[in-house]
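Beneath this line is the structure, given in structure tokens, with notes to follow.
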Amino acid sequence: MLFGHISQPNPCRLPAAIEKALDFLRTTDFRTLEPGVVEIEGRTIFAQILDLTTRPREEQKPEVHRKYLDIQFMAWGEEEIGIAIDTGNNVIAENLLEQRDIIFYQASENESFFEMVPGSYAIFFPQDVHRPACNKYRATPIRKIVVKVAISALN
């Protein structure tokens, strides 16, 4: 996982597909867009604009992806996200890899939590189990953008 704030330049060069996704996040006014999908580079790089309400940790399932990495960006609101390495020991609650490129786990071994505030982003790779949209203090409306970048585009 990589964590940063959109206002800060990257200290090192990232793959071009990730740089393109971050540039989209830096230059888009998300107040003018409705929730939905925005194609950045077809199905290779696309953004999901989501209006959500955070929930208690125990109500959110940890998840992983295999074909895409997630760049989760907080436009407004605040949340906590759980993070852990996928050790292969987590019990699968639901496997939707074929339909939606997602596996939900019942729980996540060795999980830590961090805070997302407006402008922050986290990049989750296939080995990163993550539990997004958790309450920081209480249920909070948030707008987050999840940019999906095909792993095949990182070569």
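Assorted remarks:
- Under the criterion of Cα pairs below 8 Å and six or more residues apart, the relative contact order for segment 26-86 equals 22 percent.
- Within the same chain, lysines fewer than 8 places from K136 are excluded, and of the rest, those with a Cα less than 27 Å from its Cα are K61, K144, K148.
- Entry note: segment 56-129 has Rg to Rh equal to 0.96, where both radii use alpha-carbon atoms and Rh is the Kirkwood radius.
- Taking P62, P35, P126 in turn, the Gaussian network model of the chain (Cα-Cα springs below 10 Å) assigns the largest fluctuation to P35.
- Space enclosed by the convex hull of the alpha-carbon atoms of the chain, per residue, Å³: 114
- Projecting the Cα atoms of I40, C12, V64 onto the charge dipole of segment 11-104, computed from C-beta unit charges around the Cα centre, puts C12 farthest toward the positive end.
- Residues of the chain: accessible area per residue with a 1.4 Å probe, Å²: 51
- Just the protein heavy atoms count here, and of the accessible area of the chain at 1.4 Å, carbon and sulfur take up 51 percent.
- Our note on the geometry: Cα centres of segment 56-81 and segment 125-155, 3 Å apart.
- Amide proton proximity set for L14, modelled H, under 5 Å, gap of 5+: none
- When the helices of the chain are scored as -39500 (n - 2.57) per DSSP H run of n ≥ 4 and the total is divided over every residue, the value at 222 nm lands at -3000 deg cm²/dmol.
- L52 sits among other residues whose Cβ lies under 10 Å from its own Cβ, and their net charge, with Lys and Arg +1 and Asp and Glu -1, is +1.
The values are calculated or read from the model by the stated rules, or taken from the named source; none is laboratory data. Predicted model only: the values in this text are computed from it and were never measured. Every residue, glycine among them, receives a Cβ derived from its backbone with ideal geometry; neighbour counts consider all protein chains shown. All accessible areas refer to the heavy atoms of the entire protein, side chains included, with ligands and DNA or RNA removed. Shrake-Rupley method; radii C 1.70, N 1.55, O 1.52, S 1.80 Å.
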